[in-house]
1. Being over 20 Å from the mean Cα position of the chain (by Cα), without any contact (Cβ under 8 Å) to a residue 24 or more places away in the chain and in the same structural domain as residue 131 (by TED's automatic domain parsing): is that true of residue 69 here?
2. Mind listing whichever residues of region 72-94 are of a type in the set (D, E, K, R) and part of a strand (DSSP E or B)?
3. Among (1) farther than 15 Å from residue 62 by Cβ; (2) touching a strand residue (DSSP E or B) at 6+ places or on another chain (Cβ under 8 Å); (3) modelled with pLDDT of 90 or more; (4) among the hydroxyl-bearing types (Ser, Thr, Tyr), which single condition is residue 118 missing?
4. Looking at region 84-133, which of the residues that are closer than 20 Å to residue 144 by Cα and of a type in the set (Phe, Trp, Tyr) is surrounded by the most Cβ atoms within 10 Å (Cβ to Cβ)?
5. State all residues of region 123-137 that are modelled with pLDDT of 95 or more and assigned to a loop (DSSP other than H, G, I, E, B); if no residue qualifies, say none.
6. Name, by its number, the condition in (1) surrounded by fewer than 14 Cβ atoms within 10 Å (Cβ to Cβ); (2) touching a Pro at 6+ places or on another chain (Cβ under 9 Å); (3) modelled with pLDDT under 85 that does not hold for residue 81.
7. Could you list, ordered by first residue, the pairs with Cβ atoms under 6 Å in which the first is in region 102-118 and touching a residue at least 40 places away in the same chain (Cβ under 8 Å) and the second is hydroxyl-bearing (Ser, Thr, Tyr), at least 6 apart or interchain?
Amino acid sequence: MASLDDILTVQKNGVVAINGLTATTKSIQADLDSIVTQITIIAGDAGNTYPSTISNTVAASTTELEYVGSGKLFSVSIPVRAGSAQVYIYDSATTGGISATNLIYASLPSNAASFTPYQTVQLPFTNGLVLKTDAGMNFCVGYTPAA
């Protein structure tokens, strides 16, 4: 038969284990959004793909043809910004073919209170990607060309 000391030791060990489990659960819960995002990227969503190409950084006051063809734009990263400047992305096969009618993305002015330096987007394009920056801005995009 177990002594009272043995029973109390088992109970103490159970409490220590439960406390450890609680700490681990809180740690996982704090990182849950990041974990789910990473699992989704690895496993993929039904009908979705993820960026296979990251553009070079487009310098300030530049218009650059990134890609000719169709695909899907997934992310816009704007690490350098200034004043009321913006970045623009067009669905066009040439830099000379950009216009308001084929503009697929324009950032908020960088001095806007709700400006976000990294944005996840789901924007299809059919002709190509032309990236344009205002003065004081630079950025890059993540996209996947159509197979």
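1. On the way: over 20 Å from the mean Cα position of the chain (by Cα): yes; without any contact (Cβ under 8 Å) to a residue 24 or more places away in the chain: no; in the same structural domain as residue 131 (by TED's automatic domain parsing): yes.
No; evaluated as a whole, the condition is false for this residue.
2. Taking region 72-94 and keeping what is of a type in the set (D, E, K, R), we get 72, 81, 91.
Scanning region 72-94 gives 72, 91.
3. (3)
4. 90
5. Selection gives 126, 127.
6. So the condition that residue 81 fails would be (1).
7. Filtered contacts from region 102-118: 118/77.
The values are calculated or read from the model by the stated rules, or taken from the named source; none is laboratory data. Everything numeric here is computed off the predicted structure, so don't read it as measured data. Neighbour counts are summed over all protein chains in view; Cβ atoms, including those assigned to glycine, are modelled from backbone coordinates with ideal geometry.
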